[in-house]
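J.: Dropping the structure in here first, questions after.
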Amino acid sequence: QSALTQPASVSGSPGQSITIPCTGTSSDIGGYNFVSWFQVHPGKAPKLMIYDVFTRPSGVSNRFSGSKSGNTASLTISELQAEDEADYYCGSYTSFSTGYVFGTGTEVTVL
Amino acid sequence: EVQLVESGGGLVQPGGSLRLSCAASGFAFRAYWMHWVRQAPGKGPVWVSRISSDGTKTSQADSVTGRFTISRDNAKNTLYLQMNSLRAEDTAMYYCGRIRDDYNGVDYWGQGTLVAVSS
């Protein structure tokens, strides 16, 4: 099974909004509402930012929001801040035997 | 506070073995399914293996079947990954993750342990 597709990089200025798409298939994103997003800072443990497409865990800023349309999920970061500079990965339940598939990752740069 | 701390990585020659550990704290380890996931340099994460809360059910990716074995010791709050017959393509950062639901979603990850397979 192939990884979910994300753009390699996205950038924005402080205060702007950016959106990271994550494209899969009907066997994963399109077929189920079990998409998660993770933030990874260098040398640190990945942090769950969004689960079940649009739900934020306790403690995650409301500047982070998730959505889905068809086979594509998206993470939007509004009011971009320097601390948001990190790698972001999507993940989804899949009906394939692996049970879970991740995205290729997107490097977010705050200009 | 939920904490997962991986250890056991290192440099190993092709064909060699390593045993990774993931020490869990801050939650009822015995109640959760757990994943091992790896990330090769410059690539996205890839699922490796999964184990049920009581350790009786396991599954693994085709790429590691017959070489890697996942296990756990609930008395020690520790998850393991025994890796045998290592190949260059197994070189990656290995992470353990706590599965939060019936659809394999993860809510907590460790910082990872690096495995490098090279002669």
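J.: Could you state the per residue volume, in Å³, of the convex hull enclosing the Cα atoms of chain B?
T.: 95
J.: For the range B:1-47, run through the trypsin sites (Lys or Arg not before Pro) and keep only the ones in DSSP coil with at most 14 other Cβ atoms within 10 Å of their Cβ.
T.: B:LYS43
J.: Report the label-to-label distance for A:SER26 and B:ALA88 in nanometres (one decimal), using points 7 Å from each Cα along the Cα→Cβ vector.
T.: 4.0
J.: Now for a different question. Straight-line reach only, C-alpha to C-alpha below 15 angstrom: list the aspartates and glutamates that B:LYS76 could link to, leaving out same-chain residues fewer than 8 apart.
T.: B:GLU6, B:ASP54
J.: Another question, then. Give the span of the protein assembly as shown's Cα atoms along each principal axis, as three whole-Å numbers ordered largest to smallest.
T.: If we take the Cα atoms of the protein assembly as shown, the spans are 49, 38, 35 Å.
J.: Here's another thing I want to ask about it. Given N residues in the range A:46-106, what is its alpha carbon radius of gyration divided by 2.2 N^0.38 Å?
T.: That works out to 1.18 for the range A:46-106.
J.: Net charge within 12 Å of B:ASN77 by Cβ-Cβ distance, Lys/Arg positive one each and Asp/Glu negative one each, not counting B:ASN77 itself?
T.: Computed value for this residue: +3.
J.: For the range B:7-61, just the Cα atoms, rotate onto the principal axes and tell me the three extents in Å, largest first.
T.: Principal-axis extents of the Cα atoms in the range B:7-61, largest first: 35, 22, 21 Å.
J.: Output the Kirkwood hydrodynamic radius of the range A:1-101, Cα pairs only, in Å rounded to one decimal.
T.: About 13.8 Å, per the Kirkwood formula over Cα pairs.
J.: Same structure again: Compare A:SER58, A:SER92, A:SER11 in a GNM of chain A, Cα atoms joined below 10 Å, and give the one with the largest fluctuation.
T.: Of A:SER58, A:SER92, A:SER11, the Gaussian network model singles out A:SER58 as fluctuating most.
J.: Going Cα to Cα from B:LYS43, which lysines come in below 23 Å? Please leave out same-chain ones fewer than 8 positions away.
T.: Result set, ordered by chain and number: A:LYS44, A:LYS47.
No value in this document is a laboratory result; all are computed from the given coordinates. Fair warning: this is a prediction, and the values are worked out from it, not measured in the lab. Using ideal geometry, Cβ is built from the backbone for each residue, glycine included, and neighbour counts are taken over all protein chains shown.
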